1. Which of the peptides 111-118, 149-156 is most tightly packed, and how do the rest follow, going by the mean number of other Cβ atoms within 10 Å of each residue?
2. Which of the GluC sites (Glu not before Pro) across segment 130-233 are loop residues per DSSP, with 14 or fewer other Cβ within 10 Å?
3. For helix 101-123, what angle does its Cα long axis make with the longest principal axis of the chain, in degrees from 0 to 90 and rounded to 10?
4. Test of understanding: ordering His219, His123, His189, His273 by Cβ neighbours within 10 Å, fewest first, what list do you get?
5. Run the quick spin-label model on Lys53 and Glu193: label points 7 Å from Cα toward the beta carbon, then report their separation in nm to one decimal.
6. Just the number: Rg to Rh for segment 201-270, Cα atoms, Kirkwood Rh, two decimals.
7. Using amide H atoms built in the peptide plane, which far-off residues or other-chain residues are under 5 Å from Ile232 H to H?
8. Taking every DSSP beta bridge that has both residues in segment 157-284, what percent is antiparallel when rounded to the nearest 5?
Amino acid sequence: MLLALLLTGGFMVIEIVGGILSGSLALLADAGHMLADTVALGLAWLAIRAAHKPADAQRSYGYQRFQVLAAFVNGGALFLVVGWIAVEAVDRLLEPQPVLGGMMLVVAVIGLLVNLAAFALLHSGGQKNINIRAAALHVLGDLLGSIAAIVAAVVILWSGWFPIDPLLSVLVGLLILRSAWVVVRQSGHILLEGTPSDLDPETLSRVLSETVPGIKDIHHLHAWSLTPEQRIVTLHARVEENADECAVMQGIKAQLAAEFQVNHVTVQIERGHCLDKDCLHEHTH
């Protein structure tokens, strides 16, 4: 993450200078995106460091959720970048400006190589971590921007058709927008403590009732994520009068860990009626 941050931030300066000298919106748009990426990578790096801080009295779960918050902020920042690209592209289409295709091509090729290196670094560690995945999407947007700039430079050098520069900038912006929406939706779902997409409460309740001896029913079941890798479940289990409470709890925890990859479980054992006023045995909440 830190190496990707240094690569992106260093080349951003080169791209800004190249965009100004060549007059290319594609390069400036990519440089603006790289500026957002530099901030995003910095925030993601700080989030990873913060996640290793131990839990305390103020934050009993620690600081791991900060990574999800960083992903949400990074995804939202991409919307602003795309908006800026769109406004600049409209201005360029209404008033086409000359572009130095040769300089644009050189800078874009260097940018492509830098972005490939940064994306490879992040992609290797971002399969499960939503924070790293959000940062990788930022860099992927830069990579697409570099490809668009190369194509625009070739077209300009070959035909002199300058509108290709803002048109390809808009295309890259739309691709970035799609990726940004995925990150914002996933991280927002976690921040709202939504149920993980692969955990169905009804199925979970049914499996526990069928596989753990002594359970009459499961109710007040809630499932959410601290991070995409850490899922949490709380539930009430009404058990038979002669059931071993410890055995039931051990069975519930073992079943959730083995079949649903949930390792943080809080169980309330009940032998009679549930004491909660809004508790309905026949429904899973």
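Nothing in this text is a laboratory measurement; each read-out follows from the coordinates by a stated rule. Quick caveat, the model's predicted, so the values are computed rather than measured. Neighbour counts run over all protein chains shown; Cβ positions are idealised from the backbone, glycine included.
1. Values: 111-118: 20.4, 149-156: 22.8.
Sorting 111-118, 149-156 by mean packing, highest first, produces 149-156, 111-118.
2. Details: sites: Glu193, Glu202, Glu210, Glu229; in loops: Glu193, Glu229.
Qualifying residues, ordered by number: Glu193, Glu229.
3. Roughly 20 degrees, rounded to the nearest 10.
4. Values: His219 21, His123 14, His189 18, His273 9.
Ranking His219, His123, His189, His273 by Cβ neighbours within 10 Å, fewest first, gives His273, His123, His189, His219.
5. It works out to 2.1 nm between the two label points.
6. Values: Rg = 11.3 Å, Rh = 11.9 Å.
My calculation puts Rg/Rh at 0.95.
7. Under 5 Å from the amide H of Ile232: Trp224, Ser225, Leu226.
8. On the way: 9 of 16 bridges.
Among the beta bridges of segment 157-284, antiparallel pairing accounts for roughly 55 percent.
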